[in-house]
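All remarks here apply to the structure that follows.
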Amino acid sequence: MSAYIILTRTKTLDQKELEVYWGEIKDTMKGHPIEVLVAYGNHEVLEGDPIEGIVTAKFPTVRAAKDWYYSEAYQDVAQHRKKRRCLSRAYR
């Protein structure tokens, strides 16, 4: 059964940290069965608080999604997402 990780960006407070995150995120995907279905672009919020952007990634299993998300490579890069204090949320 497929699994999805959805990351939303609600408000960017540190553009430089965001750019570091974007520059390094692709390398964390090597060796993982990840398919990025949505990466920012146009969106419309029909319900809830506004967001700046959204990313939806598809994995073949929950285990594969967790293996990538909790990998040392992603967690190292995710520190830049967290430093920008963007109030991002990840859904599994």
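With a 1.4 Å probe and every protein chain left in place, work out the accessible area per residue of the chain in Å², rounded to a whole number. Intermediate values should be presented prior to the final figure.
Working: 6170 Å² over 92 residues.
Ligands and nucleic acids excluded, the result is 67 Å² per residue.
³J(HN,Hα) across the stretch 65-80 via Karplus (A = 6.51, B = -1.76, C = 1.60, θ = phi - 60°), whole Hz, x for Gly/Pro?
5, 5, 4, 6, 4, 8, 5, 4, 4, 5, 5, 4, 6, 4, 4, 6
Could you look at the chain and say what percent of its accessible area is carbon and sulfur, using a 1.4 Å probe and all protein chains? Walk me through the intermediate numbers first.
Values: 3210 of 6170 Å².
About 52 percent, which is the carbon plus sulfur part of the accessible surface.
What FRET efficiency, computed as 1/(1 + (r/R0)^6) with R0 = 35 Å and r the Cβ-Cβ distance, is obtained for Val45 and Ala73, rounded to the nearest 0.05? It would help to have the intermediate numbers written out before the result.
Numbers: r = 31 Å, r/R0 = 0.88.
Between Val45 and Ala73 the formula returns 0.70.
Which value, in Å² and to the nearest 10, is the accessible area of Tyr69 when all protein chains are kept and the probe is 1.4 Å?
Its heavy atoms expose roughly 40 Å² to the probe.
Sequence neighbours fewer than 8 away in the same chain don't count; with that in mind, list the aspartates and glutamates whose C-alpha is under 17 Å from Lys16.
Partners within reach: Glu24, Glu52, Asp76.
Hey, can you grab everything whose amide H is under 5 Å from the amide H of Ile54? Only 5+ residues off in sequence or another chain; H modelled, so Pro and N-termini drop out.
Placed amide hydrogens put Arg9, Tyr40 under 5 Å from Ile54.
List the lysines whose alpha-carbon lies under 20 Å from that of Lys66, not counting same-chain residues fewer than 8 positions away?
Lys26, Lys30, Lys58, Lys82
Residue by residue, what Karplus-based ³J(HN,Hα) values in Hz, rounded to whole numbers, does the stretch 42-50 have, using 6.51, -1.76 and 1.60 with θ = phi - 60° and x for Gly and Pro?
Result, rounded to whole Hz: 6, 8, 9, 8, 8, 8, x, 6, x.
Give the accessible area for Leu37 in Å² (nearest 10); use a 1.4 Å probe, count only protein heavy atoms, and leave out ligands, DNA and RNA.
Answer for Leu37: close to 80 Å² accessible.
The values are calculated or read from the model by the stated rules, or taken from the named source; none is laboratory data. Values in this document were obtained by computation on a predicted structure and should not be read as measured data. Every residue, glycine as well, gets a Cβ built from its backbone with ideal geometry; the counts of neighbours run over all protein chains shown. Note: areas computed on protein heavy atoms with side chains; ligands, DNA, RNA excluded. Shrake-Rupley method; radii C 1.70, N 1.55, O 1.52, S 1.80 Å.
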